[in-house]
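Remarks on the structure that follows.
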Amino acid sequence: MSDSLSLALTHILWLGGSVCSGKTTISEALAAKHGLRVYHCDRHEAEHVARGRPNRHPTLAASPALDIDEAWLLPSPERLAATSGQFHRERFELIIEDLLAMPSDRPILAEGYGLLPECVVPVIAETRRALWLISRPDFLTAMRDKRGMTIPALTSDPARAHSQIIARDILMAAALRQSVTSRGLTFFDVDGSVSLAEMTALVARHFGLA
């Protein structure tokens with residue numbers, strides 16, 4: 001990424017992390033309190049798949065062709081995690097396009113599961129403008145069960161699909177923790193021991209909003 005792109009994105013705050021870590025709720029609370037715009041990356045996923053170009057985004061382009069069992073039952077959790085990581089790396093270019101098209105008159109808080117450190121680091125001038133929230137395995141599993149999932153019921157083996165997805169999520173959270181740590185970036189563990197209000201305050205403090 002060029003220096004000019006980093007300069008064009010200096011008004012962006014980046015909040016990544018694993019599933020079930022509170023990213024969306026926290027970002028909306030911070031937006032309401034501090035006048036930020038929020039860009040919810042995950043809400044644009046279907047749009048990004050439609051915009052994907054096969055020569056540049058092969059994983060995005062291939063995803064609509066898979067039936068539900070091919071997507072969630074046949075691959076191992078390790079393969080699911082690897083495919084998901086590649087999917088989000090390909091999406092990042094489209095996320096950048098979206099952010100550049102938004103007004104820059106006030107800070108934008110970009111939040112989402114797919115904001116991987118290897119993608120975010122090249123476009124930030126200061127590491128304090130990025131933060132990751134990473135759920136511990138037991139907390140992630142409990143929250144997945146509490147929130148429920150729609151995908152397993154659509155497969156031919158809902159119980160196995162449920163286990164596959166949780167196993168994938170745990171693998172991805174572990175990989176994310178390693179990636180963030182190896183780059184000297186900041187993350188907060190999410191295990192239920194800190195209230196959502198307290199975590200929101202910690203995130204605000206990290207971004208210099210408090």
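The residues of the chain expose on average 48 square angstrom of accessible surface per residue, using a 1.4 Å probe on protein heavy atoms.
Taking Met143, Met102, Met199 in turn, the Gaussian network model of the chain (Cα-Cα springs below 10 Å) assigns the largest fluctuation to Met102. What you get for region 90-180, charging only the Cβ of Lys and Arg (+1) and of Asp and Glu (-1), is a dipole of about 420 debye around the Cα centre. Once both labels are positioned 7 Å from their Cα atoms along Cα-to-Cβ, the gap between Ala8 and Arg106 label points is 2.4 nm.
One compactness figure for the chain is 1.02, namely its Cα radius of gyration divided by 2.2 N^0.38 Å. Surface composition of the chain: carbon plus sulfur atoms contribute 56% of the solvent-accessible area (1.4 Å probe, protein chains only, all chains present). Estimated from helices alone, the mean residue ellipticity of the chain at 222 nm is -16500 deg cm²/dmol (sum of -39500 (n - 2.57) over DSSP H runs with n ≥ 4, per residue). Rounded, prolate or oblate: which fits region 64-123 when a ≥ b ≥ c are the square roots of the eigenvalues of the alpha-carbon gyration tensor, with rounded for a/c under 1.5 and prolate only if a/b beats b/c? Prolate, because a/c is 1.5 or more and a/b exceeds b/c. Rank Ser163, Ala174, Leu133 by how far each Cα sits towards the positive end of the charge dipole of region 30-188 (+1 on Lys, Arg Cβ; -1 on Asp, Glu Cβ) and give me just the farthest. Going by the charge dipole, the pick is Leu133.
Using the scaling law 2.2 N^0.38 Å as the reference, what is the normalised Cα Rg of region 114-187?
Working it through for region 114-187, the quotient is 1.34.
The values are calculated or read from the model by the stated rules, or taken from the named source; none is laboratory data. As the structure is a prediction and not an experimental result, all values here were calculated from the model. Cβ coordinates were reconstructed from backbone atoms using ideal geometry, including for glycine residues, and neighbour counts include every protein chain displayed. Surface areas here come from the heavy atoms of the whole protein model, side chains and all, with no ligands, DNA or RNA. Shrake-Rupley method; radii C 1.70, N 1.55, O 1.52, S 1.80 Å.
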